[in-house]
Structure formats: structure tokens, C-alpha cells
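Worksheet: the structure to be examined is printed underneath.
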Amino acid sequence: MLRVFCLTLALHMVLGRNLVQVLQSSPSESTLVSLVQKAGLAGALGQGTFTIFAPSNAAFAKLPADLLASLNSDVNALANVLKYHVVQGSIQKKDASNEAQLDTLAGSKVRLNIYSHNHVITVEGSTITNFDIEADNGYIHVIDTVMLPPEGSIVDIASGAPELSVLLSKVKSANLVSALQGDALTVFAPTDDAFQRLGSTILNNLASNPQLLKEILEYHVVPHTEYSAGLYNREYLRTLDTHHDVVRIGTLGSSVYVNNARVTKADIAATNGVVHIIDHKTIQLPFKMLRVVFCLTLALHAVLGRNLVQVLQSSPSESTLVSLVQKAGLADALGQGTFTIFAPSNAAFAKLPADLLASLNSDVNALANVLKYHVVPASIQKKDASNEAQLDTLAGSKVRLNIYSHNNVITVEGSTITNFDIQADNGYIHVIDTVMLPPEGSIVDIASSTPDLSVLLSKVKQANLVSALQGDALTVFAPTNDAFQRLGSRVLNNLASNPQLLKEILEYHVVPHTEYSAGLYNREHLRTLDTHHDVIRIGTSGRASSSVHVNTATVTKADIGATNGVVHIIDHVLVPLRFLGTAIFGKK
């Protein structure tokens, strides 16, 4: 379709077609053309010099049906929306700059944003999918979302949204109204329910401590414009609070999270930035402030001697864990002695497959074993953590800590610790984002019990690498049976007849330290176990970075914990560049 469009446009260049005529030549712009004609704007857009940000038919199809019907029935409103897509003057892609604002025919401005990590340019959060389509009186840029003129500033939006009334009152109490009138801001706006779930003790503490309230509210504000098109998984954004603490962006499927809160309504454009509404999981608190708030809230706990279970009971986000601890009959035991609990949040339990959660609920012994796997019989704080440290659990098996300095993440068995050092009178709680399941054995055991890795296992045995894969702190990128078959009979025969080549290629799939997904990042290079310690390159694709690639292979199943490391299953065999000729032709 694009090729046809470009060929069609070649004639337009020769014949001197205006903007409307160029749009008319594109089947994917038929809705826009009909609405321009309905609003009586076709004649005006054929004269003068303009730049049109042109929503595709698919963009209009995303509009709520009642809104589209309303625009069709109100020509003035329709004309105003369409004029909001038109800028006086000739603007090309090369003219774009981040946070630039352009005056539109509607009288209000549109904001350009450039997100270098994914090469996306947006206008009012709408991604520009096709640039610099030229007419004799300007340029057209195709966009994927219809832009609607904002209802005002960020403060105006909060004032007009009933579910943000508490946020607005807190902003006024903290004297932050003028700060939120600044330009190029992103606000992650908690709902009224989010505030209520803090509980009366914390709300009273915030009411009596204006500086604390100000810091926490500023932690919800990023000093540049971040529409959804620019957010990516494991992104860290610095905020407006005193220490410029970071919020962490995460994705799970189509959902976007900020720390442990979920974005429920995204990309509400304001004249001075954008608002994303976040849900009731919790108000976002910087770590240093979380400690202050939590300590204030738990002052009574210290006086009254609250144990680990009682502290967990005080947290709405740990209600699932508390109910399961009670069901497994562990509440009393965890109230005595000294323990550290790695506590999965409600959201962590919600990620478990429904059948697995049901199975645990129906088998108290299995449930108790999983829960004990989250408990260490000692007092462990964040300052005690070291990379690759292993801690004995009440389940009898160990959990492994990993520290990834590039993104300041600490994991336990690959689960990210999102909140550290919550103190009780008999130990500490660290909140984690994924339920940990005891591993089924070593890396070799996992390969042995996975039918799809039977070829890999046979090759490992053939290359005499079983003992090497029993070493500690390993990461194995494990090719499936199909991955080996894709090599073809010639390469497989070469590997079978050249044991040293087979050994080198298999070792090229092994990294001599533990790399869970939480520690992998785009364009990371990891040295492997082969003779020359050749590197593999990690890549991510998609805005959410939902796919992880190792060289040209895709990780199809990640974070399979083993007693001596982790396994990631991949769909292609990795071959070091220096061995490509040997593998294919049987000689260097």
C-alpha cells in the first residue's frame, strides 16, 4: 500500500496537487477527507501553506463511537478538532525538536516529542507513522491517533476529574499548584481510592507533615513529557522531589506499571504536559520517603511489639500472602523466632497461573512448602546483600540474591525486590514482584525433565559437559529440539564429527554468572564459557521490550530457576562468528 501511495504521489509532485488532493489519493485517509469536506475546510486547506498531522482511518476507528457520532453531528466542534491537526507553515521531520510546540489553526498548540530509544516522534502523544508527504502547499505527516484539544493545564485536568479530587486537595495543601503550571511535565496521578488505601494513620501523618507530603507528591512528577509511546520496560525516570528519586516503568502484557501502581488511563494531554492516572495499588513513595512514612506508621507497632505477620496484616497489598500464611498454619511460627520474609505482593500472586494457585489452595503441604521457600531463618537487611549470595530457607532449599548495578535492581531467585527493610520486632520483610517456586533441580536436571531440550541434553553428554553444567552461578540459553533441527543435517553432521567444535558451540550458550531477566538490558554483551569467551548480544524489541533476543535467537521461556543458576529457552542455536565456516562447511 505504501509503495502505491508513493507512486501515486510522484504524479502529484508533477501535477502540483494541494494537500487535500494528496489526501484524496490515499485510501487510508478517506475518513479524514470526508470529515474535512463535511466541516467545509477543503477549500481553505487548498490555499496557503500548511502542515497536516493526518489521522489514518485506523486512528479514527479507535475513537469511541459516541464521540465520532457527536463530531459528525456538530460541524463547529468537528472543524475545531480538525483545525487542531493543522499547523500554519511548512514543517518537515528535520525541523522537529523535543518539546517543541506548534501553533494550530484551532488556536491551541500541539507538542512534539522525540524518543530516541525507539526512534519515535509523537505529536500530542500520537505516533507519527509516515513523514514528509509533500504537496505543493505543504506537508502531511500520518499519525496513529486522533488528537483532541486538551481541556486545560495539568491542574485544570485534576480539577475536572472527580476521581482526582483528593490529589488536587493535597496539591493545594502542599502549595504545589504553581509548580504544576510549569511546562513539559508528566504527572502520574493517583486516584482518590489510591489515597484511601494508604489508611488513616499514613494520611494523618501526611496531613501533619507538609514537607513529607510535598516530597511524595513531587515524586509523582517527571520534568519532561513522557507519553506512552515513549515509555519502555525497565525505564527509570527521575522525578521532581528533592533528591530526584527515580520511578521505575514496567510492563506486563498491555499494562503499564509505575513502581507497583498500574496506569489505568494513559495519555491525558494537557497544555503543559501529560497526565497518566494510576490505580489503587499504592501511592508511589520514594524509597527514602517510604522509610519515613512507614516508620511513622509503624511507630505504634514498635511500641506494641508487632511481629512479622502483624506487620504484613497492616498492608493492604499483602492480603493474599497473609491469607495463605494463615491457611498453611504458619502464622504462629512466623510470629516467633527471627526471620526474613521475601513477601510477594497481591500483584505477584495475581501473575501466577490460575490452575497453579488453585492447586496450592487445595494442597496445604505444597502451599506451606512454597511459602517456607520465601522465609529465611535470620535477619537480613538490604545492606547485607551480595551478588550470588545464597540463603537457606525454611523449605530446606536456598534462594539466590543477585545485584544488577546498571539498573539498581536486587533480585531473589529472579524476583525483583521492590521494597526493602520493612522492620518487625522479629525480623525484616522485603516485598517482591513475583512468587518464587522451588527449583526442580540443577540446570542438567531441568534439561533432563524438559522434553523440548532432549537434543541439547544429548549434545551436552556427547561433549562431556555435564560436570561443567553442575557448577554454580550459571546462565544457560538453552536451544530447543527444533532449534537444533533448523541447523540442517550438514551442520549437525559436522558437529557430530567434531567434538571440540560441538563443545565450543555449547559453551557459547553458557554465561558464568546468573542473569535473570530483571538484569538483562538492551545492547548488553555477555561473555560466555567458550575458549575465547566470545560475547553474546542481548537485545529487546517492541516498545514494552517484551521480547528478549540473544544474538538472532528469541527467548521463548525465561527465568527457569535452577539450584545452580537459571535457564532461558531460546529458539535458535547460537554459533560464534569465528566458527560459522567450520560449522557449515566442516573447515575453517
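The values are calculated or read from the model by the stated rules, or taken from the named source; none is laboratory data. This one's a predicted model, so the numbers in the text were calculated from it and none came from an experiment. Note that we place each Cβ from the backbone using ideal geometry, even for glycine, and neighbour counts take in every protein chain shown. The accessibility values were calculated without ligands, DNA or RNA, using every heavy atom of the protein model including side chains. Shrake-Rupley method; radii C 1.70, N 1.55, O 1.52, S 1.80 Å.
Checking the a/c ratio against 1.5 first, then a/b against b/c, what shape does the Cα gyration tensor give for the range 1-153? In terms of gyration-tensor shape, rounded. Using a probe of 1.4 angstrom and keeping all protein chains present, the accessible surface of the range 404-546 works out to 42 square angstrom per residue.
Of the residues Val455, Val221, the one with the largest accessible area comes first in the ranking Val455, Val221, computed with a 1.4 Å probe on protein heavy atoms.
Ranked from largest to smallest solvent-accessible area, with a 1.4 Å probe on the protein heavy atoms, Glu163, Glu524 come out as Glu163, Glu524. Placing +1 on the Cβ of every Lys and Arg and -1 on the Cβ of every Asp and Glu, with nothing else charged, gives the chain a dipole about its Cα centre of roughly 860 debye. Rounded, prolate or oblate: which one fits the chain, using the alpha carbon gyration tensor with axes a ≥ b ≥ c (rounded when a/c is under 1.5, else prolate when a/b beats b/c, else oblate)? Cα axes put the chain in the oblate bin. The H on the amide N of Ala189, modeled in the peptide plane, is under 5 Å from the matching H of His276, Ile277, Ile278, each at least 5 residues off or on a different chain. Between amide H atoms placed 1.01 Å from N, distances below 5 Å from Val256 occur with Val263, all of them 5 or more places distant or on a separate chain. Rounded to whole numbers, the Karplus 3J(HN,Hα) couplings from phi for the range 133-149 are 7, 8, 10, 6, 10, x, 10, 10, 10, 7, 10, 9, 9, 6, 8, 10, x Hz, using 6.51 cos²θ - 1.76 cosθ + 1.60 with θ = phi - 60°, and x at Gly and Pro. Split the accessible area of the chain by element, probe 1.4 Å, and carbon with sulfur accounts for 53%. The residues of the range 101-153 expose on average 39 square angstrom of accessible surface per residue, using a 1.4 Å probe on protein heavy atoms. For the listed residue pairs Lys351/Lys383; Lys459/Lys557; Lys383/Lys461; Lys265/Lys327; Lys172/Lys265; Lys94/Lys557, the alpha carbons are over 32 angstrom apart in Lys383/Lys461; Lys265/Lys327; Lys94/Lys557. Ordered by solvent-accessible area of protein heavy atoms (1.4 Å probe), largest first, the residues Ser97, Ser255 come out as Ser97, Ser255. Only lysines eight or more places from Lys170 in sequence, or on another chain, were considered; those with a Cα closer than 16 Å are Lys214. Applied to the range 337-346, the Karplus parametrisation 6.51 cos²θ - 1.76 cosθ + 1.60 on θ = phi - 60° returns per-residue 3J(HN,Hα) values of x, 10, 9, 10, 10, 8, 9, x, 6, 4 Hz, with x for Gly and Pro.
For Lys382, list the lysines whose Cα falls under 18 Å from its own Cα; do not include residues on the same chain fewer than 8 positions away. List returned: Lys288, Lys398. For the range 42-195, the Cβ-based charge dipole about the Cα centre amounts to some 180 debye (Lys, Arg positive; Asp, Glu negative; other atoms uncharged). Each residue of the range 187-200 was assigned a 3J(HN,Hα) from its phi angle through the Karplus expression (A = 6.51, B = -1.76, C = 1.60, θ = phi - 60°), giving 10, 8, 9, x, 6, 4, 4, 4, 5, 4, 6, 5, x, 5 Hz with x at Gly and Pro. Summed over qualifying helices (DSSP H, 4 residues or more, each -39500 (n - 2.57)) and divided by its residue number, the chain shows a 222 nm mean residue ellipticity of -9000 deg cm²/dmol. Under 5 Å between amide hydrogens, built in the peptide plane, is the criterion, and for Asp472 it picks out nothing among residues at least 5 positions away or on other chains.
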